[in-house]
Amino acid sequence: QPSRPLPPGPRGLPILGNLLQVPSSLLFLKLAEWAKEYGPIYSYSMAGQPIVVLNGVKEASDILDRCSALTSDRPRLIKLNQYLCRGLDFGIMPRNNTWRKHRRAAHEGLNIRVSKDYRPIQEEETRLLVEGLLLHPELDVVKHLHRQSSSLAWREIFGRESISLGGPDPSAPMEEIFRVLFLAMMPGGSFVDTFPFLNPLISRSKWIRQFYDETTTFFVNAFSEPQTETALRYFLVAMLLHPETASAARAQLDSVVGGRPPTFLDYDQLPQIEAMVKEVLRWRPPAPLGLPHCATEDIVYGDYLIPKGSIIFSNLWSIGRDPSVYPSGDAFKPSRFLTPSGSPIPPTANTHEDALAFGYGRRICVGKSVAMDTMWITVASLLWAFDFRPVMNEQGSEMLPDGEAFWDNGATVWPAKFGVRFIPRFEDLTERIKASVLE
Ligand code: HEM
């Protein structure tokens, strides 16, 4: 029914569309602002490329889950697929047979059943994190979290040795590459994707190709380590800004595990931790716009048409604030995921309302179970081991982080730099951790 229009959205200019209205950084803030104005589904255009933005739980599930056969492709992403990853990174490759093979292989190694095999590694790396924070409070907290996340990815994905704090970090060269990859995933983040007709010219430029050759390497890890580390940074920001929400979780930890560190065997008895993890990921999804999908056919949705070739964004930031599912969405409230008696509320049938930060459809995060487990053991262990206090300024007053300040990293968005003091909750914390290892 070609007469139907695209979902309405901000007015743009002829030819350029909304290109000049879209900021070059923190795109999610602009798209969230437009969501307030245009509702659960709207569209805009980047130099003729239609982009449909889904901002409601229902609209995103209808289009990306229930129509997943038509919406699980990725946009062309010329810079990433052709130059940087040479068609080898299955997270961004089109939905073709190579993607299916890679996805199947990754699923075999990361699915919900197999993910439990990584739990001993996750417990060990989290103990190392707690020890590191205790012994080296002078180091930036990001360094500690980074060591843990890189070490986990290094061991789980590549089967290598643990990375030590301050020792050689074999994952270090990936950092700059992640940034280049994540920036090029977003519309407007790559010149050749905004103006694809220039591709033949660019592909002939020796100078540009040389730069790309230097940055081509490392694939699956790009999706794993930075996302989990970012989520843990937001957890700490939430604890500094909303310390009252830690009390219920600590009370439950104290009654269930007492003086020993929590382990995965305590999972079912600690629903407060599960709720805390879900709320962190809802409140501050590490990739606030998910990753772009692409429509492989024309799709009629209600009164609108999503034309074949449209880029589709699940605006996870706004979806997690959909008032029909998450009232007072800006508030940090882990209890929203618990019944009045304190048990986890199961998501409505055929939805994954309690874990939307992992995206949708056939491209849903393949590492979701591993990531949820890493988050769970880290959040439980840090809440058990430490009280969190803001750092002090030169005048001796505490400096709270700005919860609305962000650092753009393309598809992943970090909280702006912040400091935290970890105050041990037990005088003999190191001994307790060592004793738990011996047990
Ligand atoms: C808190 C941690 C994590 C978050 C929030 C997260 C989030 C996401 C999101 C939003 C997507 C895009 C889904 C879509 O297109 O709709 C994605 C894709 C992906 N994630 Fe994760 N992720 C996390 C951890 C991990 C881990 C630990 C791994 C691997 C061990 C992983 C591997 C991948 C891969 C390979 C894809 C691409 C899948 C495809 O295109 O078929 N992620 N993730």
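The values are calculated or read from the model by the stated rules, or taken from the named source; none is laboratory data. Quick caveat: nothing in here was measured; it's all calculated off a predicted structure. Note that each Cβ is placed from the backbone with ideal geometry, even for glycine, and that neighbours are counted across all protein chains shown. Remember, those area values only see protein heavy atoms, side chains included, never the ligands or the DNA or RNA. Shrake-Rupley method; radii C 1.70, N 1.55, O 1.52, S 1.80 Å.
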**Asked** out of contact with any strand residue (DSSP E or B) (no Cβ under 7 Å at 6 or more places or on another chain), within 30 Å of Ile177 (Cα to Cα) and within 16 Å of the ligand (Cβ to nearest atom) - does that describe any residue in the stretch 345-353?
**Response** no
**Request:** Go through (1) near the ligand (Cβ under 10 Å from one of its atoms); (2) at pLDDT 95 or above; (3) in a helix (DSSP H, G or I) and name the single condition Glu225 misses.
**Result:** (2)
**Message:** Being over 24 Å from the mean Cα position of the chain (by Cα) and either closer than 23 Å to Pro262 by Cβ or at pLDDT 95 or above (or both) is the filter here; which residues of the stretch 130-151 pass it?
**Reply:** Glu131, Gly132, Leu134, Leu135, His136, Pro137
**Message:** more than 14 Å from the ligand (Cβ to nearest atom) and over 30 Å from Ala380 (Cα atoms): is that true of Leu84 in this structure?
**Reply:** yes
**Message:** Need the failing condition index for Val379 against (1) within 21 Å of Glu244 (Cβ to Cβ); (2) modelled with pLDDT under 95, just the number.
**Reply:** (2)
**Request:** Find all pairs meeting these conditions: Cβ atoms under 6 angstrom apart; at least six residues apart or on different chains; first residue within the stretch 124-149 and within 17 Å of Arg233 (Cβ to Cβ); second residue modelled with pLDDT of 95 or more and of a type in the set (Phe, Trp, Tyr).
**Result:** Leu133/Phe422
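Results for (1) within 14 Å of the ligand (Cβ to nearest atom); (2) free of Cβ contacts under 8 Å to residues at least 12 places away in the same chain; (3) closer than 17 Å to Gln49 by Cβ, shown as yes or no for each residue.
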| position | (1), (2), (3) |
| --- | --- |
| Cys294 | yes, no, yes |
| Pro307 | no, no, yes |
| Ile312 | yes, no, yes |
| Pro323 | no, yes, no |
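Please go through the stretch 289-322 and pick out each residue that is hydrophobic (A, V, I, L, M, F, W, C) and under 21 Å from Asn81 (Cα atoms). Break it down stepwise before answering.
Here is the first cut: in the stretch 289-322, the residues hydrophobic (A, V, I, L, M, F, W, C) are 289, 291, 294-295, 299-300, 305-306, 311-313, 316-317, 319.
Selection gives Leu289, Leu291, Cys294, Ala295, Ile311, Ile312, Phe313.
Within the stretch 360-375, can one find any residue that is under 20 Å from Ala238 (Cβ atoms) and at pLDDT below 95? Reasoning before the result, please.
Residues of the stretch 360-375 under 20 Å from Ala238 (Cβ atoms): 371-375.
Checking the rest, the ones that are also at pLDDT below 95 come to none.
Among the residues of the stretch 360-375, not one is under 20 Å from Ala238 (Cβ atoms) and at pLDDT below 95, which makes the answer no.
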**Fill in**
Selection from the stretch 98-139 of residues away from the ligand (no atom under 15 Å from the Cβ) and open to solvent by less than 60 Å² (accessible area, probe 1.4 Å) yields Glu123, Leu129, Val130, Glu131, Gly132, Leu133, Leu134, Leu139
**Message:** Checking the conditions here, which among Arg362, Arg389 is surrounded by fewer than 22 Cβ atoms within 10 Å (Cβ to Cβ), in contact with a helix residue (DSSP H, G or I) (Cβ under 6 Å, 6 or more places away or on another chain) and farther than 15 Å from Val280 by Cβ?
**Reply:** Arg362
**Asked** For the stretch 159-182, what are the residues that are within 17 Å of Gln227 (Cβ to Cβ) and within 16 Å of the ligand (Cβ to nearest atom)?
**Response** Ser171, Met174, Ile177, Phe178, Leu181, Phe182
**Asked** Which residues, taken from the stretch 364-412, are touching a residue at least 24 places away in the same chain (Cβ under 8 Å), closer than 30 Å to Cys294 by Cβ and away from the ligand (no atom under 15 Å from the Cβ)?
**Response** Phe406, Asp408
**Asked** Leu80 is checked against (1) more than 28 Å from Thr351 (Cβ to Cβ); (2) open to solvent by 20 Å² or more (accessible area, probe 1.4 Å) and fails just one. What number does that condition carry?
**Response** (2)
**Prompt:** For the stretch 1-58, how many residues meet the condition of being open to solvent by 30 Å² or more (accessible area, probe 1.4 Å) and within 22 Å of the chain's Cα centre (by Cα)?
**Reply:** 9
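Evaluate the stretch 70-77: report whether one residue or more is in contact with a Phe, Trp or Tyr (Cβ under 6 Å, 6 or more places away or on another chain) and either under 19 Å from Gly309 (Cβ atoms) or touching a residue at least 60 places away in the same chain (Cβ under 8 Å) (or both). Reasoning before the result, please.
Initially, the stretch 70-77 is screened for residues in contact with a Phe, Trp or Tyr (Cβ under 6 Å, 6 or more places away or on another chain), giving none.
Taking every residue of the stretch 70-77 in turn, none turns out to be in contact with a Phe, Trp or Tyr (Cβ under 6 Å, 6 or more places away or on another chain) and either under 19 Å from Gly309 (Cβ atoms) or touching a residue at least 60 places away in the same chain (Cβ under 8 Å) (or both).
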**Fill in**
Taking the stretch 222-251 and keeping only residues that are in contact (Cβ under 8 Å) with a residue 60 or more places away in the chain, over 22 Å from the mean Cα position of the chain (by Cα) and open to solvent by 40 Å² or more (accessible area, probe 1.4 Å), one is left with Pro243, Ala248
**Hits in the stretch 280-333 - residues which are assigned to a loop (DSSP other than H, G, I, E, B), small (Gly, Ala, Ser) and surrounded by 20 or more Cβ atoms within 10 Å (Cβ to Cβ)** = Ala287, Gly290, Ala295, Ser310, Gly320
